[in-house]
1. Which members of the range 83-118 meet the condition of being surrounded by 15 or more Cβ atoms within 10 Å (Cβ to Cβ) and under 25 Å from Ile55 (Cβ atoms)?
2. Pick from Ser103, Ser57, Ser132, Ser118: which is over 22 Å from Arg5 (Cβ atoms) and either within 16 Å of the chain's Cα centre (by Cα) or among the aromatic types (Phe, Trp, Tyr) (or both)?
3. How about the range 1-46: which of its residues are in a loop (DSSP other than H, G, I, E, B) and aromatic (Phe, Trp, Tyr)?
4. Counting only residues that are aliphatic (A, V, I, L, M), give me the helices (runs of 4 or more DSSP H) lying completely in the range 64-112 with at least 2 of them.
5. Go through the range 119-151 and give me each residue that's at pLDDT 70 or above, of a type in the set (A, V, I, L, M, F, W, C) and surrounded by 14 or more Cβ atoms within 10 Å (Cβ to Cβ).
6. Could you look through the range 69-110, keep only residues that are of a type in the set (Lys, Arg) and in contact (Cβ under 8 Å) with a residue 24 or more places away in the chain, and pick out the one that is farthest from Ser57 (Cα to Cα)?
Amino acid sequence: MMLSRASKYAILSTLYLAEHANENRKISVKVIAESIDVPSPFLAKLFQQLVKGKIISSTKGPNGGFYLTKKNQKKSVLDIIENIDGLIKINECFLGLNECDGSNPCPVHFIVERFKNSIFEKFRDKNIMELSEEIVANGRKLTLKDISPEV
């Protein structure tokens, strides 16, 4: 299972919104792009798709920007991947073969399958807010920019 760069950026930026934005505090694409080290024009296009898919919300105007509603917060990482790539990416062969399933397996199909299923379930069963809270509670970072160099 390989995620596209677009899906990775969409997941990171949505988690950033979960941690830093709400209906009273909206954030611009530019701020998010700089914060998580993602190209701003690319992120702007992704955000259009995420808004259309009801994964994130936006408001136009001077106090506008992007944020998550309570409904957005209940979406899963799998919803993000499905919105950006479709579920084809998550189901594709680990070795990149066109035909690979239980009846026509690639050489590593049965080794990889249980890990793919486990990841799929975790992406499906944990909502964006739960994942965000877990990231904060465990002191994990959304970008390498947040990690200070050791002296």
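The values are calculated or read from the model by the stated rules, or taken from the named source; none is laboratory data. Because the structure is a prediction, the values reported are computed rather than measured. Cβ atoms come from the backbone with ideal geometry, glycine included; neighbour counts cover every protein chain shown.
1. Asn83, Ile84, Asp85, Lys89, Ile90, Glu92, Lys116
2. On the way: Ser103 fails: either within 16 Å of the chain's Cα centre (by Cα) or among the aromatic types (Phe, Trp, Tyr) (or both); Ser132 fails: over 22 Å from Arg5 (Cβ atoms); Ser118 fails: either within 16 Å of the chain's Cα centre (by Cα) or among the aromatic types (Phe, Trp, Tyr) (or both).
It is Ser57.
3. Filtering the range 1-46 down to residues in a loop (DSSP other than H, G, I, E, B) leaves 1-4, 21, 23-24, 26, 28, 37-39.
Passing the criteria: none in range.
4. Working: elements: 70-73, 77-84, 88-91.
Per the criteria, 77-84, 88-91.
5. Step one: filter the range 119-151 for residues at pLDDT 70 or above, giving 119-140.
Add one more test, that the residue is of a type in the set (A, V, I, L, M, F, W, C), and what stays is 119-120, 123, 128-129, 131, 135-137.
Ile119, Phe120, Phe123, Ile128, Met129, Leu131, Ile135, listed by residue number.
6. Going through the range 69-110, the residues of a type in the set (Lys, Arg) turn out to be 70-71, 74-75, 89.
Now restrict to residues that are in contact (Cβ under 8 Å) with a residue 24 or more places away in the chain: 74-75, 89.
Working: Lys74: 13, Lys75: 12, Lys89: 25 Å.
Here the residue is Lys89.
Here is a yes/no grid of residues against (1) farther than 16 Å from Leu78 by Cα; (2) within 11 Å of the chain's Cα centre (by Cα); (3) modelled with pLDDT of 95 or more:
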{"position": "Leu12", "(1), (2), (3)": "no, yes, no"}
{"position": "Arg25", "(1), (2), (3)": "yes, no, no"}
{"position": "Ile36", "(1), (2), (3)": "yes, no, no"}
{"position": "Pro39", "(1), (2), (3)": "yes, no, no"}
{"position": "Val51", "(1), (2), (3)": "no, no, yes"}
